[in-house]
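A short write-up of the structure that comes next.
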Amino acid sequence: MMTKHDLKILQDPILRVCLLVMGASILVLGIIFGLSYQRASERVLNSSIRLAHLNVEKARAIVERHLTNIEITGTNLSSTRIRRYRDADQIYDLLERFVQTNSNIWGIAIGYEPKVIPGHEQGFAPYVRRNGNQLERIDLLEEGRTYQQSEWYLTPLKTGKPYWCKPFRDVKGALIACYSLPLTDEQERIIGVIAVDMQLDFFTEELIKEIHPYEHSECMVFDRDFDFIAHPDHSLIMTSLTEHVSKLTQANGYEANESIMIRMKNKVEGYDTYADDTEHEGVMFYVPIAQTGWTVALSILKSDIFRESYAMARQLFYLCLAGVLLLVIGIGILFAKIRKVVEHRAGIERELSMAHNIQMAMVRKVFPPFPDRNDIDVYATLIPAKDVGGDLYDFSLQGDTLHFCIGDVSGKGVPASLFMAITRTLYHNIIARESSPARIAESLNHSIAVDNKENMFVTMYIGTLDLKQGILTLCNCGHNAPLTNASAKENTLLNGQVIPHLSASGSVDYLSFPPTNIPIGVIEGFTYEEVTVKIDPGFQLFLYTDGITEAENACHQLYGDQRLRQELDGMKRKNPSAQLDVEHILNTVHLYADGYTQSDDITMLSFYYK
C-alpha cells in the first residue's frame, strides 16, 4: 500500500520528469520493435530519393556551368573590338585568343553578311578550331560550306536572339554543341552571327566521375529531340532514347513507362519508376535545362537502393536499441545531478533576491525626502543591471546642509554590490564628522585603499550644499561630470576668498569644474581637491552613472553624452521638477534601447535649489 511519503516523492517535479523521460524512452523502444522491415526500407528509400535529387541537381549544375561559360564567351566576344574589325587577319587573331583562353571551346566561327568585310562580296566566315594541340584557321565559305543556310546562322539572324543549335558531330567526329548569337556593328546593325562550339565529350567523362551515387546508377543527358548526348555507354551517344527504351523492354519483357517520356517532353522536373516488379525495376530522376531545352536524367536500380537500405535498417535498429538502453541507464544519473544543480541554483536565486532587497533598502526611495522644506527638491533612482549592482546614491540633511553623493563601483554583480554597501556605510559614518567633500573623499579613500587585494575602486561625485547661504562644494572622484542649468556670471567673495557665482541661465550643459580626481580606492594617501561656488535659487544639478550614456540599442550604438544633454535641456518648464527630469531621462533610455538588454546599472540623482 502506498504511503504518504511515497506520494510526496512522486510529486517531486524532478522525479516526475525523470519518469516521463524513461517512459518515453521505453515507448520509443517499443515503437522501434513494432516497426516492420518494410517501413524501415521505405524511410531509407526516401533518403535515397533525396540523395538522387541532389545528384541530378548537381549534374544539371555541371552542365549549366559549361553552357553559361560558352554563353559568356560569346557575349564577351560580341562586345569586343571585333564589332569594328574589317581585316581578316585581325579577326582570326582575336578568335584564336578566345579559343586559347577557354579549354571548353572547340572552335569559334563568325558568319558575316555579304559585303561587310572588304573583298568578300559573297560573305566571309572565318573559323578557328582545335586540331590536336594546335589551332587551325578555316574560311567556311572557301571550303564550300553554305553557312548562310545553316541553322546556327539563320536562326539568330531572323530572331535577333542567341540560339543553341542541335548537337552534331563535326568532320573530325567530335560531338559539338553550337551557341550562336547576332553580331552587331557600332550602330547596332546586325552584320553577322557568332558561333561558339563546345565539345560535349567531356560531359560524359565529368558526369560519370562526379555523379555516381550507386553501383549501377547512370547519369545521362538528352537533347531536345531526346537523343543521347552524354551517357556512360558511349555507343549510345546520338542515338534515340525512344529506340533504346524500346529495345530494353523487348529484350527484358516489361512495359515502358510512357509517363516518363511525356513529363520530360513537357519539361517537368521529377521522377518516375520503370520496369516495375521486375529485376530491372528502377527510378528515373530528370530535370530540364532551360537554356537549351536539354534534359539531365539519373537512372538508379531499386536493387542498389534496397541493398543499402537493408544494411542501414539493421544498423539503425541495433543502434536505437543500444541507445535507448544507455539512455535509461543514464537518465537516473543525469537527473540526480540536475536535481542538485536546480536546488543549488534555487538557493542562489533566493540569496540574490534577498541581497537585492537588502541593497534596495539601503538607498532612499521615499520622495519627497524633506516634505517640510521648500528650498530643495531632490529625486533619485537606481536600477541594477543584474539582481544586485554596484551603483550607489545618497543624500541626507544635517541642519541646513545637504550632503549628497553618487557612485559607480568597478565591476558588476555580487562583488560590486558588497563594495557598494561598504562604501555607502563608510560614507554615512564619515559625513557625521566631516563636512568637506574633499576630506570625505580622502577618508573614504584611506579606508578602502587599505588591503584592497581585489584592486576594486569606485568613482564618486561628492557634494555639500549650504541651503541657507547657497554655497555649493563639489569633489569629483573620477566620475562623470554632472549637468547643470547654470553658468558662471561673476565672482563673489566668501570668507576672504573669491569663488565663482553661478546663476541659472536656462540652458543645460556639463559642469566643467571641479577638477577630476582619481577614483576612490586606487592610491592610498591621495590628496583630493574640491571647488566651492555660490549658487542662486533655480539652480539645478543632475548627477548620473555611465549606465545612462553607455546604454546600447540593438545596433550597439550608445545613448551618449550629447543626447543626455539635449534631452535634459528640452525639459524646460515653468515649474521644474527633479522627479520629472529623472523619469523623463529614464524613459528616453528605455525607448532608445528598445528592449535591448541593460548591460550596466542605471543611477540618477537630481536636485533643484529653490
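The values are calculated or read from the model by the stated rules, or taken from the named source; none is laboratory data. Keep in mind the model is a prediction, meaning the values are calculated, not measured. Don't worry about glycine lacking a Cβ; one is built from the backbone with ideal geometry, like all the others, and counts go over all protein chains shown. The accessibility values were calculated without ligands, DNA or RNA, using every heavy atom of the protein model including side chains. Shrake-Rupley method; radii C 1.70, N 1.55, O 1.52, S 1.80 Å.
In this structure, the amide hydrogen of Ile105, modeled 1.01 Å from its nitrogen in the peptide plane, lies closer than 5 angstrom to no residue at least 5 positions away or on a different chain.
Shape analysis of the chain places it in the oblate category; the axes a ≥ b ≥ c from the Cα gyration tensor give an a/c of at least 1.5, with a/b not above b/c.
With Cα atoms defining each centre, the stretch 294-308 and the stretch 149-209 are spaced 32 Å apart in the structure.
Apply the a/c threshold of 1.5 to the C-alpha gyration tensor of the stretch 91-171 and tell me whether it is rounded, prolate or oblate.
Numbers: a/c = 1.66, a/b = 1.23, b/c = 1.34.
It is oblate, given that a/c is not under 1.5 and a/b is not larger than b/c.
Pairs of Cα atoms nearer than 8 Å and 6+ residues apart set the relative contact order; for the stretch 479-532 it is 34 percent.
With contacts defined as alpha carbon pairs under 8 Å and 6 or more residues apart, what's the relative contact order of the chain in percent? Provide the component values of the computation, followed by the final result.
Working: 1061 pairs, mean separation 60.2, N = 610.
Computed value for the chain: 10 percent relative contact order.
Computed over protein heavy atoms with a 1.4 Å probe, the accessible surface of the chain works out to 51 Å² per residue. Give me the net charge for the shell around Ser436: Cβ to Cβ below 13 angstrom, other residues only, Lys and Arg +1, Asp and Glu -1. Once all neighbours under 13 Å are counted, the net charge is -3. Protein heavy-atom surface of the chain, 1.4 angstrom probe: 53% of the accessible area is carbon and sulfur, with nucleic acids and ligands not counted.
Classify the stretch 40-119 as rounded, prolate or oblate, taking a ≥ b ≥ c as the square roots of the eigenvalues of its Cα gyration tensor: rounded when a/c is under 1.5, otherwise prolate if a/b is larger than b/c and oblate if not. Prolate, because a/c is 1.5 or more and a/b exceeds b/c. A viscosity of 0.890 mPa s and a temperature of 25 °C, combined with the Kirkwood radius over C-alpha pairs in the Stokes-Einstein formula, give the stretch 482-610 a diffusion coefficient of 149 µm²/s.
Compare the peptides 198-211, 74-87 by average per-residue count of other Cβ atoms within 10 angstrom and give them in order, highest first.
Packing order, densest peptide first, comes out as 198-211, 74-87.
Shape analysis of the stretch 412-491 yields a ratio of the Cα radius of gyration to the Kirkwood radius, Rg/Rh, of 1.04.
Other residues within the sphere of radius under 14 Å centred on the Cβ of Arg65, judged by their own Cβ, net out at -3 (K and R +1, D and E -1). Averaging the sequence gap over all C-alpha pairs within less than 8 Å and six or more residues apart, then dividing by the number of residues, gives the stretch 54-145 a relative contact order of 19 percent.
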